[in-house]
Amino acid sequence: MLAAGWIETGTGLGNDLKNLIFNVAIPVLCGAFVVIVGLKTKAPGPTIMAVIFAAIVWGGSANMDTLKDKTTEDITQYDGGGGTLTPPSEQ
């Protein structure tokens, strides 16, 4: 009975920590990255590249579920579980 309580507590903390990382930490770090690059370089080129890189990181972390499903589909297809391919002679 005691173990079940600890497992639920750990799961709750894990979910809260995951939400904190994905919804707060990554956007804040992406913003800080852009600001620091902009202040250090004082040039538009590196700052624009920092914005693009931060957008890629932030977008990838925000769409983690979609990326996970896409990766699973690709692995299943390459393992032969996505159906059989029809040879060109039978089409």
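Order 64, 49 by their accessible area, 1.4 angstrom probe, all chains in place, largest first. Mind dumping the intermediate values first?
Values: 64 90, 49 120 Å².
Ranked list, largest accessible area first: 49, 64.
With the whole protein complex present, residue 36 retains an accessible surface near 100 Å², based on a 1.4 Å probe. Label separation (residue 39 vs residue 57): 1.6 nm, computed from points 7 Å beyond Cα along the C-beta direction.
The values are calculated or read from the model by the stated rules, or taken from the named source; none is laboratory data. Please read these numbers as outputs of a predicted model, since none were measured by experiment. Positions of Cβ are backbone-derived with ideal geometry, glycine not excepted, and every protein chain shown enters the neighbour counts. When the accessible area is computed, the model is the full protein with side chains, heavy atoms only, and any ligands, DNA or RNA have been set aside. Shrake-Rupley method; radii C 1.70, N 1.55, O 1.52, S 1.80 Å.
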